1. Can you name the number of the only condition in (1) outside any helix (DSSP H, G or I); (2) at pLDDT 95 or above; (3) of a type in the set (Lys, Arg) that Arg69 fails?
2. Go through the residues of segment 207-222 one by one and say whether even a single one is touching a helix residue (DSSP H, G or I) at 6+ places or on another chain (Cβ under 8 Å) and either among the charged types (D, E, K, R) or open to solvent by 60 Å² or more (accessible area, probe 1.4 Å) (or both).
3. Applying the selection to segment 164-186, what residues are modelled with pLDDT of 95 or more, open to solvent by less than 20 Å² (accessible area, probe 1.4 Å) and touching a Lys or Arg at 6+ places or on another chain (Cβ under 8 Å)?
4. Return yes when Arg139 is touching a strand residue (DSSP E or B) at 6+ places or on another chain (Cβ under 7 Å) and basic (Lys, Arg) and no when it is not.
5. Pick from Ala115, Ala120, Ala110: which is within 14 Å of the chain's Cα centre (by Cα), closer than 17 Å to Asp46 by Cβ and in contact (Cβ under 8 Å) with a residue 60 or more places away in the chain?
6. From Gly40, Gly45, which residue is open to solvent by less than 50 Å² (accessible area, probe 1.4 Å), in a helix (DSSP H, G or I) and farther than 13 Å from Ile102 by Cα?
7. From the list Gly118, Gly96, which residue is farther than 17 Å from Ala67 by Cβ, open to solvent by less than 40 Å² (accessible area, probe 1.4 Å) and in contact with a helix residue (DSSP H, G or I) (Cβ under 9 Å, 6 or more places away or on another chain)?
8. Take the conditions at pLDDT below 95, within 17 Å of the chain's Cα centre (by Cα), open to solvent by less than 50 Å² (accessible area, probe 1.4 Å) and not β-branched (Val, Ile, Thr) and apply them to Pro11. Does it pass?
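The values are calculated or read from the model by the stated rules, or taken from the named source; none is laboratory data. Predicted model only: the values in this text are computed from it and were never measured. When we count neighbours, we look across all protein chains shown, and the Cβ atoms used for this are built from the backbone with ideal geometry, even at glycine. With ligands, DNA and RNA removed, areas are computed over all heavy atoms of the protein, side chains included. Shrake-Rupley method; radii C 1.70, N 1.55, O 1.52, S 1.80 Å.
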Amino acid sequence: MNGTVVRRAAPRAARTRGRLCTEAAPGVWVVLADGCPPRGHLTQGDLADAAALSPRRAAERLAARRALRGLLAARFPEAQDADVVYSRHGRPALAGRPDIGISVSHEGDAVAACAALGAAVGLDVQHPPPSVTDSLLRRCARGRAEALSRLPERLRALEFAWLWTVQEACVKAAGTGLAGRPWAIDVPLPALRGTWGPHHWISLRGRTTVPLSVAYTPLPDRTRVPEST
C-alpha cells in the first residue's frame, strides 16, 4: 500500500479482487490484498522474524507484514518501522506504541491488516471452505445451524466463512486466540455489525467478496502516548 492507494479508496469501496483500503469504523483502518502481492516495505526485524520459519510460513508472515507496513506508512507513518512483538497468546503489538492496536490475517492469496489509534483490534479473512459439515455448523453456528444447513452448499460455506471471521476477529481483539472459544460467540446471520462483550465487530460485506471482519474495543487510557510539546 502507498498513500496514493489510500487516497483513492473510498470508505464504502467494493472490490472483487485486488487491493482495498477502507475505514471499517471511525479510526479503524483495514487493508486487503486479494489475489495480488500486498504493498509495503519490510524492516530488518520483519526479515529476522521470518528467518526461522518454513518457506511457506515465512512467505505468509512477510506478506502480512508488507500489508501492515503499507497501512502504517499511509495512516500512522510515525510508527511504520516499529518492531512487531507478540503476547503469549500470539497477539501482535507495536513495540513502543501501545496506543496503536494492530492485527493481521492471511488465507491463501488474501492478506489483510488492521490498525487503529486507541483501540485493540482483531481481524480475520477467510475463503469459503469447499464444504461445511453439520457437526461444524452445530459447533459454531449453534442456534442458527439448522437454518444454515438448509442453504445450498456454496452459500452455506460462504455464510459460514463470514460467521467464522467474526468469531476469530473477536477473540483476536480480546487477545485470547482459540483459548477464547470463538465458536461460542453468537453471531446473527447475515449481519453487518454487532457486539460481543466490550467489543464491536463489523463484517465488510459489500466492500469485499472474500469474507473479512474486524473487531475493536477502546484501549485503556494508560496506553496512550502523550503528545510531544
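1. (1)
2. Just the residues of segment 207-222 that are touching a helix residue (DSSP H, G or I) at 6+ places or on another chain (Cβ under 8 Å), to begin with: 211-217.
Next, only the ones that are either among the charged types (D, E, K, R) or open to solvent by 60 Å² or more (accessible area, probe 1.4 Å) (or both) stay: none.
No, that holds for no residue.
3. Val171
4. On the way: touching a strand residue (DSSP E or B) at 6+ places or on another chain (Cβ under 7 Å): no; basic (Lys, Arg): yes.
In short, no.
5. Answer to the selection: Ala115.
6. Gly45
7. Gly118
8. Details: at pLDDT below 95: yes; within 17 Å of the chain's Cα centre (by Cα): yes; open to solvent by less than 50 Å² (accessible area, probe 1.4 Å): no; not β-branched (Val, Ile, Thr): yes.
It is false that Pro11 is at pLDDT below 95, within 17 Å of the chain's Cα centre (by Cα), open to solvent by less than 50 Å² (accessible area, probe 1.4 Å) and not β-branched (Val, Ile, Thr).
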